[in-house]
Amino acid sequence: MRISLDWLKDFIDLPEDTNRIIESLTLNGFQVENIIKPYKSIHKDLKIVKIIKADPHPSREELTVVRILDNVSEHTVICGAKNVRVGATGVWAPPGSEVSGHQINERKFGAIESSGMLLSLMELGLEEKSTGIWLFNFKGKIGTRLSDILKPDDTVLEINITPNRGDALSHIGIARELSAYFDIPLRTPPIDFESVDRESPISINIENDTACPIYQGTYAENIVIKESEIKIQKRLIESGLRPINNIVDLSNYIMLETGHPTHTFDYNYLKGQKIIVRNAMDQEKITLLNGVTLSLNRNNLVICDEKTALALAGIMGGEYSSIVDSTDKILLECAVFDPDSIRNTTSMHNVSSDSSYRFARGVDTSTVDYASKRFMRLLKEELPDAVVYRGILVKRGDIDQKKKIRFRYEKCKRILNRDCGRDFIKKILISLGFKIDEEDSESINLTGPSHRYDNSMEEDIIEEVARIYGYNRFGIRLPHTETFDTELNLKDAFTRKIRYLLSNLGLSEVINYTFISEDTNSIFATSEQILIKNPIAQDMISMRKSILPSLINNAILNISRQNKNIRLFESGSVFYKREEITEELHLGILLSGNRFDRVWSQPQIEYDFYDLKGILEIIFDSLKIDKINFLAQDIPNFLHPRIAATIEINGKKTGLLGEIHPNLLKKLDIRQKLFVAELNLDILFEAFKEAAILFKAYSPFPAVDRDIALVIDRQITSRELINEIRNMNIPLIEEIEIFDLYEGKGIEEGKKSIGIALKYRSGESTLTDEVIEKIHSKIIDNLSKKFYARLR
């Protein structure tokens with residue numbers, strides 16, 4: 001925010017030392033980021049002149065022959081601007097003067113000689129781009145040097161205002177702070193003006209008084225649209241705003257002065273003489289003053305007449321009903337809008353303004369009437385014949401930003417480690433706008449000012465005391481601290497264990513955004529999309545329903561950089577929309593390329609399905625989870641139907657694994673196989689908690705190994721065989737492993753041979769052949785009957 005020191009002098013008698021002002025602002029929490037001298041390059045010979053005649057150039061139709069008066073003599077200037085207007089005042093650069101480092105000379109255009117030139121704000125270095133010469137009203141003496149108005153030593157401070165200090169987003173707000181710090185009286189600008197005691201022809205209806213608790217409308221007629229007075233324009237320019245016309249400029253001026261945004265409507269365009277504050281209809285369209293057309297929804301607040309949306313409430317007016325040259329009647333809007341409503345709308349439509357910047361931080365409810373009257377006061381000074389009617393104020397009954405706070409002197413002294421003095425404390429609080437309701441020897445009861453809606457508790461008041469007293473005046477005291485040993489909760493320890501395990505297995509952890517493109521998201525899950533209202537990019541519009549698309553994008557990036565051996569994992573959130581939006585913690589794994597980097601002692605072997613399955617089994621084994629089934633069913637379309645499986649733990653579907661379908665790889669232009677797995681860590685965590693981890697002593701007796709080779713139907717899985725053996729609950733079985741799989745010569749069509757290795761061990765004695773053979777035969781008989789198997 002830019003603050004003009006010259007403007008501040010309207011409210012307080014500032015110290016002459018600018019550095020002292022800057023230091024005081026910094027100590028009060030307002031960081032001065034830049035010191036600007038906007039007029040330091042204004043040449044001393046530039047003059048304010050009056051345009052008395054304007055005629056087309058006889059041979060150059062794009063030019064105008066302008067006669068100007070500098071109070072001494074008349075001069076002829078050739079001008080290419082389209083906004084030349086007889087009776088207006090502008091800035092003249094006579095021959096011999098300098099503009100932007102270039103000397104101005106007399107120059108002929110056809111047969112007519114131009115004595116200097118009329119200047120635009122851009123040529124004066126006060127605007128990036130101008131559409132015409134600078135025109136303004138001037139009540140002083142024609143011929144006055146411009147440098148007497150735009151003084152080279154005028155100073156503008158660029159200040160960073162923190163989000164909680166919306167009350168300081170104005171010249172009066174900064175003046176109030178300096179008044180308290182320097183103990184200087186604050187002068188409030190006058191608001192009295194001559195009005196007529198007539199009922200306004202407009203009616204106001206607030207349909208949503210939560211989003212708009214206060215709305216005041218003031219009607220005025222006999223309005224003449226022209227350029228603003230140079231003092232108004234000067235202060236707008238210093239604040240970084242472009243002058244437009246006397247009505248719009250005045251609205252911006254009031255905002256910069258009081259901190260309360262206002263808006264003006266052309267009354268002639270209001271249908272039904274009504275103002276309605278309501279929520280927009282779905283898909284309702286509005287074209288704003290910046291030319292952008294928005295499609296609104298019910299979460300957006302609009303200002304309407306009987307038929308049409310006139311403005312996006314608190315943010316920007318619409319083209320319809322804006323102030324134009326023919327405007328002769330206006331309606332001034334001064335309202336309060338809910339900060340959350342403003343922030344949601346600006347974020348949703350990526351549109352903002354100086355008004356929305358202030359409303360989003362909160363404005364003072366008590367300045368609605370003041371800002372309206374201040375506008376009309378200045379309007380009457382500019383247009384004495386304007387007729388102002390009684391204002392109409394509509395507000396919700398429970399509006400009161402003033403808070404009751406108890407302040408204790410002893411607590412203030414304890415926290416600040418300094419006795420600031422009771423008289424000093426009361427004095428600065430009164431200067432900041434606080435009202436003392438009651439007091440005793442130990443405390444005071446305060447009513448906070450309506451403009452300080454960030455003060456709600458005793459600690460806030462102590463901060464105000466410290467700020468004005470001066471942080472640099474406090475002594476040093478180290479805070480009392482205690483350190484405690486912290487422990488991870490069980491869920492964090494669980495996820496960290498898995499991450500460390502995968503890292504130790506050679507996989508690299510990645511962290512991705514949880515939003516991806518809508519098309520990609522739909523490939524990996526069929527549930528309803530959760531779309532982001534204000535995405536940071538068009539390919540990040542949807543909350544991901546699976547971690548796999550993020551990992552595949554990582555793989556695509558690696559492959560494009562010629563890094564084709566990929567081992568990645570990510571643990572993170574995915575989102576589903578069922579009855580309501582739910583968030584789940586998932587683990588994703590991706591393998592592609594070769595198992596080992598290229599070395600002379602290792603053959604180049606590509607990853608396959610069983611490498612991925614082995615990693616998952618290591619995870620399950622480390623978590624002591626054993627009731628796991630890999631099932632060849634419910635395979636999603638993005639996986640290869642014959643090289644994939646779903647995972648069940650304790651009967652619950654927990655995840656999937658497999659090779660990405662070749663058709664999808666072709667669509668993504670990936671020319672190597674990708675193997676992926678995804679686990680629901682929430683379900684896995686529940687299984688982890690249920691798994692009893694018990695100490696079991698090692699047996700001192702030797703183990704006995706026995707193998708079984710069975711011929712079974714091809715569709716029977718090894719997991720079914722292992723589960724059947726485990727379900728026999730034979731305590732002597734220590735391990736069960738698959739060691740062989742064969743199909744081909746010697747095995748009939750539709751069958752396969754599978755080898756099962758069993759390890760038997762007793763904790764009490766050495767096993768005899770007789771005991772082992774009895775158990776082993778029982779297992780073979782059971783498998784033969786259950787799966788119609790035969791020994792090979």
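The values are calculated or read from the model by the stated rules, or taken from the named source; none is laboratory data. It should be emphasised that the depicted structure is a prediction, and the values quoted were computed from it without experimental measurement. Note that we place each Cβ from the backbone using ideal geometry, even for glycine, and neighbour counts take in every protein chain shown. Ligands, DNA and RNA are stripped out before the accessible areas are found, and what is left, the full protein with its side chains, is counted by its heavy atoms. Shrake-Rupley method; radii C 1.70, N 1.55, O 1.52, S 1.80 Å.
Rounded to the nearest whole Hz, the Karplus-based 3J(HN,Hα) values (6.51 cos²θ - 1.76 cosθ + 1.60, θ = phi - 60°) of the stretch 536-547 follow the sequence 7, 7, 5, 8, 9, 9, 10, 6, 5, 9, 7, 7, with x at glycine and proline.
Straight-line cross-link partners of residue 673 among the aspartates and glutamates, defined as a Cα under 18 Å from its Cα and at least 8 positions apart when in the same chain: 597, 606, 608, 611, 659. Selection among 515, 230, 702 by position relative to the dipole of the chain gives 702 as farthest towards the positive end (Cβ unit charges, Cα centre).
Working ranking of peptides 560-566, 363-369 by packing, defined as the average number of other Cβ atoms within 10 Å per residue, highest first, is 363-369, 560-566. Compared with the dominant principal axis of the Cα atoms in the chain, helix 458-469 is inclined by about 50°. In terms of its C-alpha gyration tensor, the chain comes out prolate, because a/c is 1.5 or above and the ratio a/b outweighs b/c.
What's the local net charge at residue 305, with K and R +1, D and E -1, over the other residues with C-beta under 13 Å away? Can you show the working numbers first?
Values: positive: 271, 274, 278, 307; negative: 266, 306, 333.
Result for the neighbourhood of residue 305: +1.
Between residue 145 and residue 127, the simple spin-label model (points 7 angstrom out along Cα→Cβ) gives 2.5 nm. Quick check: net charge around residue 639, other residues with Cβ under 13 Å of its Cβ, Lys/Arg +1 and Asp/Glu -1? Net charge around residue 639: -1. Name the residue farthest towards the positive end of the dipole of the chain from the options 310, 409, 674, assuming +1 on Cβ of Lys and Arg, -1 on Cβ of Asp and Glu, about the Cα centre. Farthest along the dipole direction, towards plus: 674. Ordering 96-105, 463-472 by mean Cβ neighbour count within 10 Å, with the highest value first, yields 463-472, 96-105. Only aspartates and glutamates eight or more places from residue 667 in sequence, or on another chain, were considered; those with a Cα closer than 14 Å are 519. Computed from the Cα positions only, the extents of the stretch 207-366 along the three principal axes stand at 43, 33, 31 Å, in decreasing order. Pairs spanning more than 32 Å between alpha-carbon atoms, out of 151/329; 274/435; 653/752; 497/577; 497/545; 47/226: 151/329; 274/435. Relative to the Cα centre, the charge distribution of the chain, modelled as +1 at Lys and Arg Cβ and -1 at Asp and Glu Cβ, gives a dipole magnitude of about 820 debye. What is the stretch 296-377 by shape, rounded, prolate or oblate, if you read a ≥ b ≥ c off the alpha carbon gyration tensor as root eigenvalues and call it rounded for a/c under 1.5, prolate for a/b larger than b/c, and oblate otherwise? Cα axes put the stretch 296-377 in the oblate bin.
Which percent, to the nearest 5, of DSSP beta bridges fully inside the chain are antiparallel?
Numbers: 133 of 140 bridges.
Antiparallel: roughly 95 percent of the beta bridges in the chain.
Relative to the longest principal axis of the Cα atoms of the chain, the long axis of helix 769-787 lies at roughly 60 degrees. The accessible surface of the chain, taken with every protein chain in place and a 1.4 Å probe, is 47 percent carbon and sulfur.
Sort 391-398, 61-68 by packing, meaning the average of other beta carbons within 10 Å per residue, with the highest value first.
Working: 391-398: 14.0, 61-68: 17.5.
Put in order of decreasing packing, that is 61-68, 391-398.
Using the alpha-carbon centroid of each, what span in Å lies between the stretch 189-210 and the stretch 6-54? Centre-to-centre (Cα) distance: 34 Å.
Once you have a ≥ b ≥ c as the square roots of the Cα gyration tensor eigenvalues for the stretch 404-507, tell me rounded if a/c is under 1.5, and otherwise prolate or oblate according to whether a/b is larger than b/c. Before the final figure, lay out each step's value.
Numbers: a/c = 3.52, a/b = 2.68, b/c = 1.31.
Prolate shape, in that a/c is at least 1.5 and a/b is the bigger ratio.
Straight-distance candidates among the aspartates and glutamates for linking to residue 307, with alpha-carbon spacing under 19 Å and chain neighbours fewer than 8 residues away dropped: 207, 266, 282, 284, 319, 333.
Express in whole angstrom the spacing between the alpha-carbon centres of the stretch 342-373 and the stretch 79-133. Cα centroid of the stretch 342-373 versus Cα centroid of the stretch 79-133: 38 Å apart.
Taken per residue, the accessible surface of the chain reaches 52 Å², heavy atoms only and a 1.4 Å probe.
Computed over the chain, relative contact order equals 8 percent, with contacts defined as Cα pairs under 8 Å that lie 6+ residues apart.
Past 23 Å, Cα to Cα, is the threshold; run 139/380; 373/403; 9/404; 234/380; 82/129 against it and keep the listed order.
On the way: 139/380 15 Å; 373/403 26 Å; 9/404 33 Å; 234/380 19 Å; 82/129 15 Å.
In this structure, 373/403; 9/404 exceed 23 Å between Cα atoms.
Using Cα atoms only, what is the angle between the long axis of helix 490-504 and the major principal axis of the chain, expressed in degrees (0 to 90) to the nearest 10? Helix 490-504 and the main axis of the chain meet at about 70 degrees. Per-residue Karplus couplings for the stretch 105-110, computed as 6.51 cos²θ - 1.76 cosθ + 1.60 with θ equal to phi - 60°, are listed in order as 10, 5, 8, 8, 10, x Hz, Gly and Pro entered as x.
Stretch residue 183-residue 352 to full length: gain in nm at 0.36 nm per residue minus the Cα-Cα span?
On the way: separation 169, 0.36 × 169 = 60.84 nm, distance 3.67 nm.
That works out to 57.2 nm of additional length.
Neighbours of residue 466, meaning other residues whose beta-carbon lies under 12 angstrom from its beta-carbon, give a summed charge of 0 when Lys and Arg score +1 and Asp and Glu score -1. Between residue 726 and residue 488, full extension at 0.36 nm per residue minus the direct alpha carbon distance yields a gain of 82.2 nm.
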